[in-house]
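Worksheet: one structure, shown below.
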Amino acid sequence: MLFLLLPLLAVLPGGENADGFKEPVTFRVIQISSFYNHSWERNLGSGWLGDLETHTWDSNSGTIIFLWPWSRGTFSNEEWMELEKEIRIGFIIFSEAIHRCFSEWKLEYPFEIQMTEGCEVHSGKLSGSFVRVAYQGSDFVSMQNNSCVPSPLAGDVAKHICDRINQYQRDKGVIHDVILDNCPQFLLGLLDAGKAYLQRQVKPEAWLSRGPSPGPGHLLLVCHVSGFYPKPVWVRWMRGEQEQPGTQRGDILPNADGTWYLQATLEVAAGEAADLSCRVKHSSLEGQDIVLYWEHHNSVGLIILAVIVPLLLLIVCLALWFRKRCFHEDTS
């Protein structure tokens, strides 16, 4: 049953190389199948190169949507059409098998199955592959050393399913062929086609702000870093050349343009913030770190305040003067 979830990896021809990619790179296919009753289900699918979504499955038209110009890799239209056909057939067979299994073990609708499968390459060679299945959001079964292994908390149903998969696997060797042979070839071809985009360098922008007050006499300093690519980045609050151990990094979040955003915070006593700075290191900066000083940030704030307050007073005075003048004109 499990191998029916893998049509995307099974029929793609291989690529050439992954020159220039020094870090391990992962490609994975995610499938979410929702079964509402014995005759109605919905299948969603997507392909991910690391943290970047590259493909999605249009369940209405039964076609693959390419999210980037290079998502087609080096494959022809005929090859992609054949792949779409295989996926449509695979979903049908998979759904029939799932309905039979759940009828046999008298489980209840509705339910949902989530699956992720894929591989990782490093320096052009396979460094790992994986297949994981969840039922109703909890771990169910996984593939380890080319065998199905039930999750310790999944119960007897997972054990029965793994027995069937392992029996089929011994007869056909399907999981080994799909994951170990086809996935790395497809991943290398995708890296080759998207090399210019994936290896680009985009410099970050950084700025400072004050967060919500953590308490009386304390400040929350916030360092924002946005618009950088690739994802790895180093951001720390510093005092001179000493890293501040209280620095808290948030999650690295995606921007709409494919770049990344991060913020680092530090809680300090109000009188200890003057000589602090935020330092940003990123590959695009070529060793020229961004350093922002909190005291400069405060100085800019004071300058802005010094300009805005007199301006507001001037506007108020002018408004009162015009109002007084208009009142006298109306009464005369």
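The charge dipole of segment 101-247, taken about its Cα centre with unit charges on the Cβ atoms of Lys, Arg (+1), Asp and Glu (-1) only, comes to about 580 debye.
Using 21 Å as the Cα-Cα cut-off, could you pick out the over-long pairs in K85/K125; K125/K159; K195/K231?
Numbers: K85/K125 29 Å; K125/K159 33 Å; K195/K231 16 Å.
Beyond 21 Å between Cα atoms: K85/K125; K125/K159.
Spherically averaged projected area of the convex hull of Cα atoms, segment 179-239: 7.6 nm².
How do 274-280, 192-198, 105-111, 61-67 rank on mean C-beta neighbours within 10 Å, highest first? Before the final figure, lay out the partial values.
Working: 274-280: 19.0, 192-198: 16.3, 105-111: 10.7, 61-67: 14.0.
Sorting 274-280, 192-198, 105-111, 61-67 by mean packing, highest first, produces 274-280, 192-198, 61-67, 105-111.
Top to bottom by accessible area (1.4 Å), largest first, where do R236, R72 land?
On the way: R236 60, R72 90 Å².
I get R72, R236, largest accessible area first.
Computed about the Cα centre, the dipole magnitude for segment 15-169 is approximately 280 debye when only Lys and Arg (+1) and Asp and Glu (-1) carry charge, each at its Cβ.
Between E96 and D51, 0.36 nm times their residue separation minus their Cα-Cα distance comes to what? Walk me through the intermediate numbers first.
Details: separation 45, 0.36 × 45 = 16.20 nm, distance 3.20 nm.
Stretched fully, the E96-D51 segment lengthens by 13.0 nm.
Take every Cα pair under 8 Å whose residues are at least 6 apart in sequence, average their separation, divide by the length of segment 110-173, and the relative contact order is 21 percent.
For D275, the shell of other residues with beta-carbons less than 9 Å away shows a net charge of -1, using +1 for Lys and Arg and -1 for Asp and Glu.
Stretching Y293 away from K281 to a fully extended chain increases their span by 2.8 nm, per 0.36 nm per residue minus the current alpha-carbon distance.
Taking square-rooted eigenvalues a ≥ b ≥ c of the alpha carbon gyration tensor, is segment 28-123 rounded, prolate or oblate, where a/c under 1.5 means rounded and, failing that, a/b exceeding b/c means prolate? Prolate, because a/c is 1.5 or more and a/b exceeds b/c.
Using the Cβ of N37 as centre and a radius below 15 Å, the other residues enclosed give a net charge of -1, where K and R count +1 and D and E count -1.
The values are calculated or read from the model by the stated rules, or taken from the named source; none is laboratory data. Since we're looking at a predicted model, the values are computed, not measured. Every residue, glycine as well, gets a Cβ built from its backbone with ideal geometry; the counts of neighbours run over all protein chains shown. The accessibility values were calculated without ligands, DNA or RNA, using every heavy atom of the protein model including side chains. Shrake-Rupley method; radii C 1.70, N 1.55, O 1.52, S 1.80 Å.
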